[in-house]
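Note sheet for the following structure.
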């Protein structure tokens, strides 16, 4: 085979499914129900945008941030439908990496996997950064004292040295993950229920202070402002695909994965729109400060009630519930690396399974160490946009993958079919491109450098150690 043929060689979908669950030293255990899978995706999604990013998006779009959330949701929906089809067809842990391997070839699969590394690791770090701010808000409201600035801020930010609180939440999530997939899923159910209750509580409180005048002018920055805000709040939808990383630990993956993906997106969209509407209705959009937004919902709750008890509840719920995002997205990161390692594209240590716990222990510890460094040293804003572009690129690949697999393997059994095919995946890929175009130039430069590093890693290690290439005579 020529170099080009090797790079574009696909791995048969049947083989990918047959290898599911197998690692070095043991197998992953199928324990997750539809309810747990749905809440896994909700846990990975709900909280990132509302608790952390909302305040940065409002100054860009004004009250029309509500439309920005809907635009981002529609963009996510097209890709979610494509994810649902491929998850039901190829129910394994690799998510878009495995889907690309079956449809577009090894090099594109590597690109997808490399983008997912950026998406998952950076989104965990970004949320961990915001967690420290909510914890601080809670302590300030309850006890009247704050954590030292040196341990809750990134270097160069308001006296920050190392964000130890961000590192702490990563360590706690790691401990849960090492206990097993079933235990992690149970903990996540508790976290998600707390988070939903807290957000609904915020809506009730904020709607009591709603003023119709806060919604005029509705779109002061015009369409350009809405698009820019949508590009940023798209970060808040990252995670609906988390269920697709649990394909090898789901009890009934072909049925449950597509349902979990679609249900989770519907749940978070309704909550996001309600919270955005309540927030803007309770506080004029011009009062949102993009420089101090990490604990924005708690501040709005305080303003709405004229006291600190409501903000205290929001801060408490957020400081506990944001842990579910860290937990579930870290889980997804380890399972994608597990699949890439099984194919030989990254070192074998990532596919080693502990025979007693039936989890990839070394993989989890390495991921935790990397995320801890990122969360402790890099500011939130830069992390959020870097995550969006990697995610959108991976989503675009999944949309194209649906088109290719329908053409090449129409015979494959599919538990879910994307409606209005081929319009849906085509629109999904186009919408991803539109939102990507709204990101800042510096984000594109950072993404380009990340991809150059990825290609270097692939050709220095992945290409040489690929199991698929080793089979070529």
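Given 206, 219, 187, which one is farther than 14 Å from residue 271 by Cα, assigned to a helix (DSSP H, G or I) and in contact (Cβ under 8 Å) with a residue 24 or more places away in the chain?
Matching residue, one of 206, 219, 187: 187.
Okay, residues lined up against (1) at pLDDT 90 or above; (2) in contact with a strand residue (DSSP E or B) (Cβ under 7 Å, 6 or more places away or on another chain):
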{"site": "336", "(1), (2)": "yes, no"}
{"site": "348", "(1), (2)": "yes, yes"}
{"site": "364", "(1), (2)": "yes, no"}
{"site": "376", "(1), (2)": "no, no"}
{"site": "384", "(1), (2)": "no, no"}
{"site": "390", "(1), (2)": "no, no"}
{"site": "394", "(1), (2)": "no, no"}
{"site": "400", "(1), (2)": "yes, no"}
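Of the residues 413, 425, which single one is under 25 Å from residue 80 (Cβ atoms) and over 21 Å from the mean Cα position of the chain (by Cα)?
413
For residue 468, indicate whether it is modelled with pLDDT under 90, surrounded by 12 or more Cβ atoms within 10 Å (Cβ to Cβ), part of a loop (DSSP other than H, G, I, E, B) and touching a helix residue (DSSP H, G or I) at 6+ places or on another chain (Cβ under 9 Å).
When the stated conditions are applied, residue 468 does not pass them.
Kindly list, by first and then second residue, each pair from a residue in segment 128-148 that is at positive phi to a residue that is crowded, with 24+ Cβ neighbours inside 10 Å and part of a loop (DSSP other than H, G, I, E, B), limited to pairs with Cβ atoms under 7 Å and residues at least 6 apart or on different chains.
none
Looking at (1) surrounded by fewer than 24 Cβ atoms within 10 Å (Cβ to Cβ); (2) outside any helix (DSSP H, G or I), which one does residue 316 not meet, given that it meets all the others?
Going through the list (1) surrounded by fewer than 24 Cβ atoms within 10 Å (Cβ to Cβ); (2) outside any helix (DSSP H, G or I), residue 316 breaks only (2).
Scanning for something on the phi > 0 side of the Ramachandran plot, in a helix (DSSP H, G or I) and surrounded by 24 or more Cβ atoms within 10 Å (Cβ to Cβ), does segment 20-38 turn up at least one residue?
no
For segment 407-429, name all the residues that are part of a loop (DSSP other than H, G, I, E, B) and free of Cβ contacts under 8 Å to residues at least 12 places away in the same chain.
Hits for segment 407-429 are 410, 411, 420.
Considering each of 452, 403, 392 in turn, give the residue that is loosely packed, with under 13 Cβ neighbours inside 10 Å and in a helix (DSSP H, G or I).
452
Report, by residue number, each residue of segment 168-186 that is surrounded by 20 or more Cβ atoms within 10 Å (Cβ to Cβ) and under 18 Å from residue 34 (Cβ atoms).
181, 184, 185
Filter segment 430-442 for residues that are touching a helix residue (DSSP H, G or I) at 6+ places or on another chain (Cβ under 9 Å), in a helix (DSSP H, G or I) and surrounded by fewer than 20 Cβ atoms within 10 Å (Cβ to Cβ) and give the result.
Passing the criteria: 430, 433, 434, 437, 442.
Do we have any residue at all in segment 283-301 that's on the phi > 0 side of the Ramachandran plot, free of Cβ contacts under 8 Å to residues at least 40 places away in the same chain and not in a helix (DSSP H, G or I)?
Checking segment 283-301: not a single residue is on the phi > 0 side of the Ramachandran plot, free of Cβ contacts under 8 Å to residues at least 40 places away in the same chain and not in a helix (DSSP H, G or I).
Out of (1) crowded, with 24+ Cβ neighbours inside 10 Å; (2) under 19 Å from the mean Cα position of the chain (by Cα); (3) closer than 18 Å to residue 457 by Cβ, what's the single condition that is false for residue 374?
It fails just one condition, (1).
Kindly check whether there is at least one residue in segment 246-263 that is under 30 Å from residue 31 (Cβ atoms), surrounded by fewer than 18 Cβ atoms within 10 Å (Cβ to Cβ) and touching a strand residue (DSSP E or B) at 6+ places or on another chain (Cβ under 7 Å).
Yes: segment 246-263 contains one or more residues that are under 30 Å from residue 31 (Cβ atoms), surrounded by fewer than 18 Cβ atoms within 10 Å (Cβ to Cβ) and touching a strand residue (DSSP E or B) at 6+ places or on another chain (Cβ under 7 Å).
The values are calculated or read from the model by the stated rules, or taken from the named source; none is laboratory data. In this text the structure is predicted, and so the values were computed from the model without any measurement. Note: ideal-geometry Cβ built from the backbone for every residue, glycine included; neighbour counts use all protein chains shown.
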